[in-house]
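A.B. asks: Mind having a look at this structure? Questions to follow.
The values are calculated or read from the model by the stated rules, or taken from the named source; none is laboratory data. Please read all numbers here as calculations on a predicted model, not as lab measurements. For neighbour counting, all protein chains shown are included, and Cβ atoms are generated from backbone atoms with ideal geometry for every residue, glycine included.
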Amino acid sequence: MTEEAQDPAQAEMKAAAGEVPLLSRRQWALLAGVGVASAAAGGGWAWWRGRPTAAEQDAGSAFWDRSFETPVGETLSVQSLRGNPLLVNFWATWCPPCIAELPLLDGFYRENASKNWKVLGIAVDQLASVKGFLERSPVTFPVAMAGQGGIELARSLGNLHGGLPFSVLFGADGRILHRKMGQVTDGDLRAWLRLG
């Protein structure tokens, strides 16, 4: 029996004094089980929310017909990236989480380019700002200029609130496999590597 079961008055005095009664092994196991189940449910919910709808798949199909200007004035056809897993990242120079994740995305690209992975950064920003930023902090993956129209493109791909950063993972077949609103983590990239 626990102390509380033996003497309820003594347990009340300990609680009033700020003492917490010890939990039994069974109670600890139950609490741990609830914690693990909650974490799994939360992770599953986040993953499920990242899956694309049919309308977003249609927008994803139209995405492959687009062309963008690059910061150096060239034209980049998205179709040229098709046939490989492609991670598209919408970002801006005025977005701190966007800037924080660029080195991670660049490392992912350099590490997996030989495995036919592609990364495309779509800048939702002014040309001069992007050029200046990339001169100071270059990346090895291609960057496309979308300006404010990039927000509408991101919305069509599932970014309902138009926030940044926003990432979309396309499979080699051109279909959207997953999306993420917010800063990408190393864990996201490892999971997406298994999908592509």
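A.B. asks: Cβ-Cβ under 7 Å, sequence separation 6+ or interchain: first residue in the range 114-142 and more than 20 Å from D173 (Cα to Cα), partner acidic (D, E). Which pairs?
C.D. replies: From the range 114-142, the pairs are V139/D106; T140/D106; F141/D106.
A.B. asks: So which residues in the range 68-77 are within 20 Å of A172 (Cα to Cα) and either touching a residue at least 60 places away in the same chain (Cβ under 8 Å) or not assigned by TED's automatic domain parsing to the domain that holds V124 (or both)?
C.D. replies: The answer is L76, and nothing else.
A.B. asks: Could you check the range 92-113 and list, in sequence order, the residues that are in contact with an Asp or Glu (Cβ under 8 Å, 6 or more places away or on another chain) and either under 22 Å from G171 (Cβ atoms) or in contact (Cβ under 8 Å) with a residue 60 or more places away in the chain (or both)?
C.D. replies: Filtering the range 92-113 down to residues in contact with an Asp or Glu (Cβ under 8 Å, 6 or more places away or on another chain) leaves 92-94, 104.
Within the range 92-113, A92, L104 qualify.
A.B. asks: Across the range 112-165, what is the total count of residues that are among the aromatic types (F, W, Y) and surrounded by fewer than 13 Cβ atoms within 10 Å (Cβ to Cβ)? Even if it seems obvious, please write down each step before you answer.
C.D. replies: Applying the first criterion (among the aromatic types (F, W, Y)) to the range 112-165 yields 117, 133, 141.
Narrowing the set further to residues that are surrounded by fewer than 13 Cβ atoms within 10 Å (Cβ to Cβ) leaves none.
So the count comes out to 0.
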